[in-house]
Amino acid sequence: MKNIQMVDLIGQYEKIKEGIDEAILNVVKSSQYINGPEVKEFQSELEDYLEVNHVIPCANGTDALQIAMMALGLQPGDEVITANFTYVATVEVIGLLNLTPVLVEVNPTTFNIDPESLEKAITPRTKAIVPVHLYGQCANMEEVMNIAAKHNLFVIEDTAQAIGAEYKFDDGSVKKAGTIGHVGTTSFFPSKNLGCYGDGGAIFTNDLELGKKIKMIANHGQSTQYYHDEIGVNSRLDSIQAAVLRKKLPHLDSYIANRNKAAEYYDKAFENVSWLTIPYRDPKSTHVFHQYTLKTKGINRDELRSYLSKKGIPAMVYYPLPLHKQKAYQDSRYDKVDFTNTEALNASVISLPMHTELTEEELLYITETVKEFK
Ligand SMILES: *Cc1c(COP(=O)(O)O)cnc(C)c1O
């Protein structure tokens, strides 16, 4: 058996190598490295895939969040609510724009923002909510959208881990993650479900005016060449990355299917293991399994991780420390907030290898080894 990896990008590349190599070489030969035709083509193909009116490619998923917040006109002092249990990028851009991050508790079963805690955190200064579809399954968007409508708030979906996931509302309508709120953002970081070979990101919206503003801000606040209406940023997806993404997008659904197959294998192996809880499946959302994350109980999670490492199985902890305890984001405002659920997850979660190339032999070895821990 070859080395087991958390994410196998080489194995995935080898299967589509010819097309990818040719696409990259074509960009090199064209010399249209910035804003070349590949970027425009990818943008329109992603619009079709997501069934959204406007996709604006940008340099990475963190920029995507920042540009979305700038385009919505959020001002210093405005409060933006997000989940305490997420990657730091979400809260980082809130701070960077001098907005006030308001971290709230997550649901211990779904790992996603808890609607009740969200609603309780709303004040007259609240302007936006950033639900994160953690690990690849949508947050409770039915409740998030209802709360946002009731309090007149913007919703920015952080879809960095969930591109391709679908959410079904009670009225039967189905929408792709990132196209439900006012604006959605994603990342094409190599290990994400739709990853390029460097940095990349995108912003989605169905709103024409907002789409124009996002495009303008991502391009130095420029309305027409050398005329700058607002302070913007320089955030571009480069043509080589767009060419790679164009080759990979047609495979995204089969990549998601492969991930689900691996997740089902894990589920079956672990469903009756008393010290593990398999990931919850929300009947309203599909799961794209960016991560396969178990909750442990009654064992030492870090010992399990080092035991697995000795057996040649990588495992990760996303995320070990809640944001309100990170040096950069500590604030006395959180002293009286109850983060029991988030902290319990920080202490108990463990993510196993999850990618598109996992073989049955590897899955058998991983699951048997995990079960032998106790
Ligand atoms: C990866 C990630 C980001 C940031 O994406 P980059 O492209 O690395 O900037 C933002 N939010 C979440 C939830 C992520 O997982």
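The values are calculated or read from the model by the stated rules, or taken from the named source; none is laboratory data. The model shown is predicted, which means the values in this text are computed figures rather than measured ones. All Cβ positions, glycine included, derive from the backbone under ideal geometry; neighbour counts span all protein chains shown. What goes into the accessible areas is simple: the full protein's heavy atoms, side chains included, and nothing from ligands, DNA or RNA. Shrake-Rupley method; radii C 1.70, N 1.55, O 1.52, S 1.80 Å.
Just a few scattered comments:
- Net length available on complete extension from residue 116 to residue 47 is 21.6 nm, with 0.36 nm assigned per residue and the Cα-Cα distance removed.
- Length gained on full extension, residue 174 to residue 229, computed as 0.36 nm times the residue gap minus the Cα-Cα distance: 16.1 nm.
- Accessible area in square angstrom per residue, the stretch 1-152, 1.4 angstrom probe: 44
- Rounded to the nearest 500, the 222 nm mean residue ellipticity of the chain from helices alone is -11500 deg cm²/dmol, with -39,500 (n - 2.57) taken per DSSP H run of at least 4 residues.
- Surface composition of the chain: carbon and sulfur make up 50 percent of the accessible area, probe 1.4 Å.
- DSSP beta bridge pairing in the stretch 50-176, given as percent antiparallel to the nearest 5: 25
- Relative contact order [Cα under 8 Å, 6+ residues apart], the stretch 251-371, whole percent: 35
- Contact order normalised by residue count of the stretch 122-161, Cα under 8 Å, 6+ apart, percent: 55
- Share of Cα-Cα pairs in the stretch 157-239 lying beyond 18 Å, as whole percent: 53
- All C-alpha to C-alpha distances of the chain, sorted into 20 Å bins beginning at zero, yield P(r) values of 29, 58, 14, 0 percent in whole numbers.
- Residue 255 sits among other residues whose Cβ lies under 10 Å from its own Cβ, and their net charge, with Lys and Arg +1 and Asp and Glu -1, is 0.
- When each of 2/176; 120/213; 175/248; 40/261; 120/261; 261/371 is checked by Cα-Cα distance, pairs over 28 Å: 2/176; 120/213; 40/261; 120/261
- Each DSSP beta bridge with both residues in the chain is either parallel or antiparallel, and the antiparallel ones are about 65%.
- Exposure rule at most 14 other beta-carbon atoms within 10 Å, DSSP loop GluC sites (Glu not before Pro): the chain longest free segment: 52-229
- Inter-centroid distance (Cα atoms) of the stretch 324-374 relative to the stretch 163-183, Å: 26
- Along the axis of the charge dipole computed for the chain (Cβ charges of +1 for Lys and Arg, -1 for Asp and Glu, origin at the Cα centre), the listed residues 324, 11, 151 are led at the positive end by 324.
- Electrostatic tally near residue 153: other residues with Cβ closer than 12 Å to its Cβ, Lys and Arg +1, Asp and Glu -1, net 0.
- Relative contact order of the chain, pairs being alpha-carbon contacts under 8 Å that are 6 or more residues apart, as %: 22
- Cβ-based net charge around residue 359, under 12 Å, with every Lys or Arg adding one and every Asp or Glu removing one: -3
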